[in-house]
Structures are given as structure tokens and as C-alpha cells.
Amino acid sequence: MQNNNLLLQSLAQREIKRLLAEDSNIESISIVGSVAYGLTDSYSDIDLLILYKDISDAQYETWRKAAEPLNPVYIIGGKENDFLTVGRFVEGIKIDFGRIKVSKFQESIDAVVKKHDIDLNHQAVLFGINNSEVAYDKGTIAAWRKQIEVYPEALIPKTLQTSLTFTPKLVYEGMGAYRNDSLFVYECLVEDLKKMLQTLFCLNRVYHPGKAKGLNWIVEQQLPIQPTDFLQRMTTLLNDKESEGVAEMLQLIVEVYDLVAKEMPDFDLSAFRKRFEVKLRK
């Protein structure tokens, strides 16, 4: 893995050097994703984030036309999206060249830091800024990191209001496992794991990455507040027999509620616990 990461790092740096020599309007360039984390393998590609203070409508078309002869895997976005991503092979390795306006990222930062928006797409931008490997910066990323350095406390209760609405116990045990409704049970397990992770990210004051890719490393490295052996339990419950997976999830939900009570003693959990324990018969 280390040799592979060095190979990808070397290729990324060569491409960054080429980009800077060709374009003086670049504000910042960062390496994001698995290469920045140092978690590459034979399936890893390179993701480059290239920031501009401004991008003219004509520039998007210029980039698109320049990419077409290079046999790109895809070209995504354009002037209507305020970004353009070109995925293409360089020396046999796929690189995503993502060009985007600074203002687009600033919108996400303001949404989270000032408006306390819990949208995971916005939070993913902040997570990426904090966890990227900055290769070149005129000051934009440095300034952003100062803006987002302190996790907004107001974001925590807003997140908990939605992330703690786990599937009730009776739904798992009765409407799911008792009826052998396997697909429904696994749908509930996946949705509740997503909510559980949202809860843990905010309790740890870490911006959510917005997707599951790379979560094992993030959970291990950045979320000290979590249930015991959480990663192992989270992974195996989806592979257990249905009844065992349900039992593990029900236990994890109780432990997550207890963690919230410990970390956020002023947050009222009573309605969430009541919903989780709701009965259909007296």
C-alpha cells in the first residue's frame, strides 16, 4: 500500500506542476480522497481539486474541448453547475480533475458555520477541506480552515433531532424479523447505521464526509466517542443472521442514546427513547 501511495503521490505532483505551469489563474490545488489519507491500493485513483476565484462561461467550454481529444472517461458539470470535472487516464491511472469556483465552496462553509445547515453535501465540503493534502494555495484554503476550525455547537442539537429517530424496536422484532421480511430488515439496518454515524460525527465535532467510502479509516482515526468495538459491530451486523443482526442493532441504538445522554446532558432524549420503545398492544 505504501509503495502504491508513493506512486500516486508522484504522479499527482507531476500533474499539479503541469497545471500550474499552464494556468496562472489557479487559486489552490489539493489532493483529496484516498491518496490524501494514505489509504491507496490497486483500485485507487487520484482526485485533484482545482480552485478558481472566477470561471468565465467560455472557459468551461475551452476546458471541455481540450479534454475531448484525450479520451476522457467522463466530463461532468459545466457553467450551469459552477464546476467541471474531467476524469481521464494519465500514465494508466485515472485522475479526476475537478475545477470549481471558490464561491461554490464558500456557500457550503457559510451554510454550515453560519446557518447551521445539517445537509451532508455541505458538510462533505468542510470535511474535504480539513482532510485534503494542500499542494498549492494562495491563501484560500488556509483561510477556510480557520473559518471551520471550531465545530458549530448549534449544529449538534439540529443534527440529533433527525439522526436519533431510529427504527422502533417493535418494527425490527415484529414487522421485520417475525415476518421474515429480510429486505425490509436490511433496509432499516442500513438507514439506522447512517443515522448512527451522523450522531457520532456531531458528538465528536467532526464534519460528516457525506458518503460511506473511506468510513472505516475515519471512524478509527477521528471518532473517539463511539460505542465499544463499533466498527467491528457495524460491519458484522449486516453479515450476521437476520435475528442476530437485529439484536446487535437494538443494542447499539441503546448505547448511542446513552452516549448522547453522557455527552449532551441538556439534550432531551425522552421523546426519542419513547418512540424507540413504542408498543402496539397493551
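The values are calculated or read from the model by the stated rules, or taken from the named source; none is laboratory data. Just so it is clear, the structure is predicted and the values come from calculations on it, not from any experiment. In this analysis, Cβ positions are derived from the backbone assuming ideal geometry, glycine residues included, and neighbour counts consider all displayed protein chains.
Might you let me know whether the stretch 61-78 holds any residue that is buried (at least 17 other Cβ atoms within 10 Å of the Cβ), in contact with a Ser or Thr (Cβ under 6 Å, 6 or more places away or on another chain) and of a type in the set (A, V, I, L, M)? Looking for residues that are buried (at least 17 other Cβ atoms within 10 Å of the Cβ), in contact with a Ser or Thr (Cβ under 6 Å, 6 or more places away or on another chain) and of a type in the set (A, V, I, L, M), one finds none in the stretch 61-78, hence no.
For the stretch 26-42, give me the residue count where each residue is modelled with pLDDT under 95 and more than 19 Å from the chain's Cα centre (by Cα).
2
Could you check, for the stretch 170-188, whether at least one of its residues is under 30 Å from Ser132 (Cα atoms), in contact (Cβ under 8 Å) with a residue 12 or more places away in the chain and not assigned by TED's automatic domain parsing to the domain that holds Ser132? No, the conditions are met nowhere in the stretch 170-188. When the stretch 228-282 is filtered for residues that are outside any helix (DSSP H, G or I), within 23 Å of the chain's Cα centre (by Cα) and either at pLDDT below 95 or not assigned by TED's automatic domain parsing to the domain that holds Val190 (or both), only Leu238 remains.
Among the residues of the stretch 216-273, just one is surrounded by 17 or more Cβ atoms within 10 Å (Cβ to Cβ) and hydroxyl-bearing (Ser, Thr, Tyr), namely Tyr257. Against the numbered list (1) within 26 Å of the chain's Cα centre (by Cα); (2) within 25 Å of Asn3 (Cβ to Cβ), Gly92 comes up short only at (1).
Residues in the stretch 93-104 include none that are touching a helix residue (DSSP H, G or I) at 6+ places or on another chain (Cβ under 6 Å), among the basic types (Lys, Arg) and assigned by TED's automatic domain parsing to the domain that holds Gln123. I need the full set of residues from the stretch 127-154 which are in a helix (DSSP H, G or I), touching a helix residue (DSSP H, G or I) at 6+ places or on another chain (Cβ under 6 Å) and of a type in the set (A, V, I, L, M), in order please. Ile129 - this is the single residue of the stretch 127-154 that is in a helix (DSSP H, G or I), touching a helix residue (DSSP H, G or I) at 6+ places or on another chain (Cβ under 6 Å) and of a type in the set (A, V, I, L, M). Restricting attention to the stretch 212-235, the residues that are without any contact (Cβ under 8 Å) to a residue 40 or more places away in the chain, among the hydrophobic types (A, V, I, L, M, F, W, C) and touching a Leu at 6+ places or on another chain (Cβ under 6 Å) add up to 3.
Does Ile225 satisfy the condition of being assigned to a helix (DSSP H, G or I), closer than 30 Å to Gly128 by Cα and at pLDDT 90 or above? Steps first, please.
Working: assigned to a helix (DSSP H, G or I): no; closer than 30 Å to Gly128 by Cα: yes; at pLDDT 90 or above: yes.
In short, no.
Looking at Ala111, Ala135, which one is surrounded by 15 or more Cβ atoms within 10 Å (Cβ to Cβ), small (Gly, Ala, Ser) and in contact with a strand residue (DSSP E or B) (Cβ under 8 Å, 6 or more places away or on another chain)? So that I can check it myself, show each step before the final result.
Details: Ala111 fails: in contact with a strand residue (DSSP E or B) (Cβ under 8 Å, 6 or more places away or on another chain).
Every option except Ala135 fails the conditions.
Counting just the residues of the stretch 155-169 that are outside any helix (DSSP H, G or I) and of a type in the set (S, T, N, Q), which one comes out nearest to Ala247 (Cα to Cα)?
Initial filter on the stretch 155-169 (outside any helix (DSSP H, G or I)): 164-168.
Narrowing further to those that are of a type in the set (S, T, N, Q): 165, 167.
On the way: Thr165: 18, Thr167: 13 Å.
Checking each candidate, the answer is Thr167.
Scanning the stretch 1-43 for residues that are surrounded by 18 or more Cβ atoms within 10 Å (Cβ to Cβ), outside any helix (DSSP H, G or I) and among the hydroxyl-bearing types (Ser, Thr, Tyr) yields Ser28, Ser30, Thr40. Filtering the stretch 176-199 to residues that are surrounded by 13 or more Cβ atoms within 10 Å (Cβ to Cβ), within 14 Å of Glu248 (Cβ to Cβ), in contact with a Leu (Cβ under 9 Å, 6 or more places away or on another chain) and at pLDDT 90 or above leaves Leu189, Asp192, Leu193, Met196.
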